[in-house]
Amino acid sequence: MNDNNIADRAAFVITRLVLLVLLILAPSSLMASDQTRSILMLTWRGLTPAEHSFIAHLEKLGVDADIEHFDAGRDQTRLAGFLRDRLDDIKSMDLIYTFGTTVTMTVRNFDVDNVPRVFNIVTDPVGVGLAPALDRPPRGMTGAKHSLSPEVNLQLLSGVYPVRNIAVLFDPRESNAVAEADRLSGAAEKRGISIKRLRFAPDAKEKDIQIAALKPELEDVDAIYVTSSSSFVAHSEALAQIIPEDLVSMGSSSAYVGDGITLVFGSEYEERGRTAAEMAAKILLEKVPPHTLPIDEISAADATLYINSGNKAASKLKLENSQNAVVYK
């Protein structure tokens with residue numbers, strides 16, 4: 001056999017080996033992309049547009065998933081009971097999706113670190129201790145931050161409506177609301193703005209007494225900042241009873257748009273749902289470790305300024321000074 005024949009035979013053998021390897025590996029890679037994943041979706045107050053968007057976008061990204069949904073019904077004890085009773089099953093899930101600060105922090109207290117977790121609609125993951133920094137999520141977890149920081153919100157508000165005295169309304173039972181109120185207080189002091197902290201539990205038995213006591217507190221302020229609280233979203237009618245129609249009110253969550261709040265800088269729940277889905281797809285399809293994906297936060301420049309067109313105080317805003325896109329609701 002001459003040298004050319006030997007070379008040709010060697011090349012043929014190598015080619016067969018390469019094809020054999022590809023045939024062996026191909027089925028496993030196809031299975032990896034086509035297999036059905038199991039996702040546990042944990043919510044606080046039912047399915048919101050964020051979850052509907054998450055599910056729809058996940059499908060568009062090619063993730064075939066069986067999604068089990070459990071809603072806490074704004075009851076942390078109920079959520080903890082579910083997690084405790086189903087812990088063994090939960091540990092075998094491919095991914096856990098959590099809505100909101102309370103749900104995300106409750107899940108963290110259980111031994112599910114082996115299951116990748118993606119949170120959504122969390123106001124301040126750093127402030128409540130979920131992560132040391134947005135670019136350093138804890139092992140096994142990442143997610144989408146919903147609101148802009150109180151510092152940025154106050155800066156953007158000052159651009160369209162300069163304030164000297166501001167009130168901040170928060171539910172002291174919600175850790176994210178307390179952290180947000182604390183940060184707003186610090187930001188206001190740095191800007192030389194006087195701040196008045198107002199506590200409100202809208203679903204408490206003495207709600208009417210609280211409302212009567214809060215109204216006079218707003219007579220000497222230029223604006224009121226409403227923190228992101230599930231209780232406020234669930235009882236938005238109570239906010240309308242407290243806040244005068246001609247007082248500029250700013251919400252930190254787009255969920256407040258249309259509920260009597262004058263303005264909000266931020267993004268829609270649907271957009272946050274898509275962002276969370278993109279993170280989940282990278283984790284499930286590309287095997288990207290969750291903690292290597294920085295927590296996503298919209299920038300001040302990318303935020304939309306939502307205006308409640310039916311709010312009387314909206315006429316006080318100097319919208320020509322805003323660099324953000326303006327949407328009337």
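The values are calculated or read from the model by the stated rules, or taken from the named source; none is laboratory data. These numbers come from a predicted model, not from an experiment. Please note: Cβ atoms are built from the backbone with ideal geometry, for glycine as well, and neighbour counts cover all protein chains shown. Protein only, heavy atoms only, side chains kept; ligands, DNA and RNA dropped before computing areas. Shrake-Rupley method; radii C 1.70, N 1.55, O 1.52, S 1.80 Å.
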Enumeration of residues in the stretch 318-327 that are open to solvent by 70 Å² or more (accessible area, probe 1.4 Å) and within 24 Å of Thr275 (Cβ to Cβ): Gln323
Name the pairs whose Cβ atoms lie under 8 Å apart, with the first residue in the stretch 203-214 and touching a residue at least 24 places away in the same chain (Cβ under 8 Å), the second of a type in the set (A, V, I, L, M) and outside any loop (DSSP other than H, G, I, E, B), and 6 or more positions between them or separate chains? Asp203/Ala234; Lys207/Ala238; Ile211/Ala238; Ile211/Ile242; Leu214/Leu169; Leu214/Leu198; Leu214/Ile242
Working only within the stretch 148-199, note down all residues that are more than 18 Å from Asp222 (Cβ to Cβ), in contact (Cβ under 8 Å) with a residue 40 or more places away in the chain and in a helix (DSSP H, G or I). Val152, Ser175, Asn176, Ala177, Ala179, Glu180, Asp182, Arg183
Within the stretch 99-133, work out how many residues are over 18 Å from Arg84 (Cα atoms) and aromatic (Phe, Trp, Tyr). 2
Of Ser315, Ser299, the only residue that is in a loop (DSSP other than H, G, I, E, B) and open to solvent by 30 Å² or more (accessible area, probe 1.4 Å) is Ser299
List the number of the failed condition for Ala204; all other conditions in (1) more than 25 Å from the chain's Cα centre (by Cα); (2) over 22 Å from Ala72 (Cα atoms) hold. (2)
From the set of residues in the stretch 104-155 that are of a type in the set (S, T, N, Q), under 14 Å from the mean Cα position of the chain (by Cα) and at pLDDT below 95, which is farthest from Pro289 (Cα to Cα)? Ser149
Take Ser194 and decide whether it is over 27 Å from the mean Cα position of the chain (by Cα) and hydroxyl-bearing (Ser, Thr, Tyr). yes
Can you run down the residue pairs with Cβ atoms below 7 Å, 6 or more apart or on separate chains, where the first is in the stretch 227-256 and of a type in the set (Phe, Trp, Tyr) and the partner is in a strand (DSSP E or B)? Phe232/Val226; Tyr256/Val226; Tyr256/Val264
For the stretch 84-102, name all the residues that are over 24 Å from Val63 (Cα atoms) and surrounded by 20 or more Cβ atoms within 10 Å (Cβ to Cβ). Thr101, Thr102
Test result for Asp246, touching a Lys or Arg at 6+ places or on another chain (Cβ under 6 Å), open to solvent by 20 Å² or more (accessible area, probe 1.4 Å) and either closer than 20 Å to Asn165 by Cα or polar (S, T, N, Q) (or both): yes
From Gly310, Gly260, Gly273, grab the single residue that is part of a loop (DSSP other than H, G, I, E, B), buried (at least 18 other Cβ atoms within 10 Å of the Cβ) and not hydroxyl-bearing (Ser, Thr, Tyr). Gly260
So which residues in the stretch 67-81 are in contact (Cβ under 8 Å) with a residue 24 or more places away in the chain and either in a helix (DSSP H, G or I) or not acidic (Asp, Glu) (or both), if there are any at all? Ile67, His69, Phe70, Ala72, Gly73, Arg74, Gln76, Leu79, Ala80
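Scan the stretch 159-173 and tell me whether some residue there is of a type in the set (Asp, Glu), open to solvent by less than 60 Å² (accessible area, probe 1.4 Å) and at pLDDT below 95.
Step one: of the stretch 159-173, the residues of a type in the set (Asp, Glu) are 171.
From what's left, open to solvent by less than 60 Å² (accessible area, probe 1.4 Å): 171.
Among the residues that remain, those that are also at pLDDT below 95 are: none.
No, the stretch 159-173 contains no residue that is of a type in the set (Asp, Glu), open to solvent by less than 60 Å² (accessible area, probe 1.4 Å) and at pLDDT below 95.
Looking at Ala281, is it small (Gly, Ala, Ser) and modelled with pLDDT of 95 or more?
So Ala281 passes the test.
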The stretch 106-139: number of residues that are open to solvent by 40 Å² or more (accessible area, probe 1.4 Å) and not in a loop (DSSP other than H, G, I, E, B): 2
Given the criterion in contact with a Lys or Arg (Cβ under 8 Å, 6 or more places away or on another chain), under 25 Å from Asp124 (Cα atoms) and surrounded by 15 or more Cβ atoms within 10 Å (Cβ to Cβ), identify the matching residue among Ser194, Ser236, Ser231. Ser231
Test: residue in the stretch 66-73 that is hydrophobic (A, V, I, L, M, F, W, C) and open to solvent by 10 Å² or more (accessible area, probe 1.4 Å): yes
